[in-house]
Each structure stands twice: as structure tokens, then as C-alpha cells.
Amino acid sequence: MAAALTFTTSVDGIDQASLAGGFFDGWGSPPSLDEHVALLRGSSHVALALDDDRVVGFANALSDGILSAYIPLLEVLPPYRRQGTGSKLVRMLLDQVGELYMVDVMCNDDVLPFYEALGFQRAGGAVRRDYRRRSAHSASDA
Ligand SMILES: CC(C)(COP(=O)(O)OP(=O)(O)OC[C@H]1O[C@@H](n2cnc3c(N)ncnc32)[C@H](O)[C@@H]1OP(=O)(O)O)[C@@H](O)C(=O)NCCC(=O)NCCS
């Protein structure tokens, strides 16, 4: 069993090596480690779970600070799942974005119960994806 995780909302000291645990599992063309560092730095809010100095879970949010925020990415490395880590990361983001009118996330149906337990509700949506530049699990996935 791993040691207790620590959690942070800061990207200070987070580099390629910290993120090398295998995120973007199953993506056809995942972001590079450089891009992973950059997307965290470019987010308005982040939440990270660390096992020593290794990131084992991350989530980011993009917020306008007035009305709305979007949570584009959330992932916990498989050995660390079903221990409350993903829920804690989302709660950390919700705390950071504050009391906004809307906080949105796009997810596959199988993950809906996870978000519903955190106060989100099922909704319709539309997405635009450029699969020539980047592919996630499949063309039907977010
Ligand atoms: C979704 C994910 C972040 C959840 O992380 P986690 O650390 O396992 O989440 P938690 O331990 O906080 O889960 C809390 C509860 O949510 C539910 N839950 C968690 N993962 C779930 C999943 N994949 N499907 C359905 N329900 C899920 C369970 O009820 C769980 O409670 P339980 O373990 O007591 O049954 C993780 O499975 C993951 O990284 N998946 C791959 C990437 C992904 O799908 N990200 C979401 C993109 S929108």
C-alpha cells in the first residue's frame, strides 16, 4: 500500500519527471510531458495528488472568475483509484473556483455517477474536436 498522498493546488516544482507516471491512458496521441506541464500552468486552477514527488492524480479548471468554469481533465493513475482521490481533486477545484453559476464537465456515461455524487447533473452538450491533431480514446470520447 502506498504512503498517504499529499494534495496541492500549486504547480510549483511540477515538471516532466513528476508527471511521468502514465497519464492520458489510452489516448491515441496524448499530450507530451512538456505539454502536460504547460496545460497545468495555463489552467486557472489545478488540483494535484502526489505520492512523494510523483503526481498520481490531477485535475484542472478554466474559469472566467465571474459566472463559469469548465473542468477539462481529471485522471487518477489506476493503482490509486477508488480511494477517494478523484473526488477530492474535484472538490479542491470547486473550492478554488468559488460560488459560480455554472461549473461544467463533459464525460462519458460510465463516469456520470462519479460526478453526480459530487453534485453535478446529467445535461446535454455539444463538443468540437480536431481528431487530426489529437485523439483521445476514440472519436466518440471526450
Ligand atoms: C474517474 C476517476 C478520476 C475517478 O477517480 P477515483 O480516484 O477512482 O474516484 P473516487 O475514489 O473518488 O470515486 C468515488 C466514487 O465515484 C464512483 N466512481 C469512481 N470511478 C468511477 C467510474 N469510473 N465509473 C463510475 N463510478 C465511479 C464510485 O461510486 C466511487 O465510490 P466507491 O469507490 O466507494 O464505489 C478515475 O476512474 C479515472 O482517472 N478514470 C480515467 C479518466 C477519466 O475517466 N476521467 C474523467 C474524465 S471526465
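The values are calculated or read from the model by the stated rules, or taken from the named source; none is laboratory data. The structure presented is a predicted model; accordingly, all values stated were derived computationally and were not measured. Note: ideal-geometry Cβ built from the backbone for every residue, glycine included; neighbour counts use all protein chains shown. In case anyone asks, the SASA skips ligands and DNA or RNA and just uses the protein heavy atoms, side chains included. Shrake-Rupley method; radii C 1.70, N 1.55, O 1.52, S 1.80 Å.
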Problem set entry | Net charge over other residues, Cβ less than 15 angstrom from the Cβ of Ser44 (K, R count +1; D, E count -1) | -2
Exercise. Under the Karplus relation 6.51 cos²θ - 1.76 cosθ + 1.60, θ = phi - 60°, what is the ordered set of whole-Hz ³J(HN,Hα) values for region 23-36, x standing for Gly and Pro?
Worked result: 6, 6, 4, x, 5, x, 9, x, x, 6, 4, 4, 5, 5
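Applying 1/(1 + (r/R0)^6) with R0 = 22 Å to the Cβ-Cβ distance of Ser135 and Tyr70, what FRET efficiency is obtained, to the nearest 0.05?
Working: r = 20 Å, r/R0 = 0.93.
With a Förster radius of 22 Å, E is 0.60.
In whole percent, what relative contact order does the chain give with Cα contacts below 8 Å and a gap of six or more residues? All intermediate terms of the calculation are to be shown ahead of the outcome.
Details: 205 pairs, mean separation 33.9, N = 142.
Here the relative contact order equals 24 percent.
Pull out the extension gain between Gln96 and Thr9, defined as 0.36 nm times the separation in residues minus the alpha carbon to alpha carbon distance; nm, one decimal.
Details: separation 87, 0.36 × 87 = 31.32 nm, distance 0.86 nm.
Value of the extension gain: 30.5 nm.
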Exercise. Short version: ³J(HN,Hα) in whole Hz for each residue of region 120-134, in order, from phi by Karplus 6.51 cos²θ - 1.76 cosθ + 1.60 (θ = phi - 60°), x for Gly and Pro, what are they?
Worked result: 7, 10, 4, 8, x, x, 9, 10, 10, 10, 10, 6, 6, 8, 7
For this session: Convert each backbone phi in region 74-80 into a coupling constant with the Karplus relation 6.51 cos²θ - 1.76 cosθ + 1.60 (shift: θ = phi - 60°), then list the ³J(HN,Hα) values in order as whole Hz, x for Gly and Pro.
Result: 8, 7, 10, 4, x, x, 9
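Considering just Cα atoms, how many Å³ per residue does the convex hull of the chain enclose? Walk me through the numbers before you get to the answer.
Working: hull volume 16.9 nm³, N = 142.
About 119 Å³ per residue, rounded to a whole number.
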Exercise. Long-range amide H contacts for Trp27: which residues qualify at under 5 Å (H placed 1.01 Å from N, peptide plane, sequence gap of 5 or more or a different chain)?
Worked result: none
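Calculated FRET efficiency, Gln121 and Ala20, Cβ-Cβ r, R0 35 Å, to nearest 0.05? List each step's numbers first, then the result.
Working: r = 36 Å, r/R0 = 1.02.
Efficiency computed from Cβ-Cβ geometry: 0.45.
Within the chain, which is the longest segment that contains none of the trypsin sites (Lys or Arg not before Pro) sitting in a DSSP loop with at most 14 other Cβ atoms within 10 Å?
Numbers: sites that count: Arg81, Arg82, Arg122, Arg128, Arg129, Arg132, Arg133, Arg134.
With a cap of 14 other Cβ atoms within 10 Å, the longest stretch comes to 1-80.
May I ask you to give the solvent-accessible area per residue for the chain, in square angstrom, as obtained with a 1.4 angstrom probe? Write out the running numbers ahead of the final one.
Values: 8610 Å² over 142 residues.
Each residue of the chain exposes 61 Å² on average to a 1.4 Å probe.
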Exercise. How much length is gained if the chain between Ser87 and Asp34 is pulled fully straight, taking 0.36 nm per residue apart and subtracting their Cα-Cα distance, in nm to one decimal?
Worked result: 16.5 nm
For this session: Give the relative contact order (percent, whole number) for region 9-54; include only Cα pairs under 8 Å separated by 6+ residues.
Result: 57
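Could you please put Met92, Met102 in sequence from largest to smallest accessible area, using a 1.4 Å probe?
Details: Met92 30, Met102 70 Å².
Heavy-atom accessible area, descending, gives Met102, Met92.
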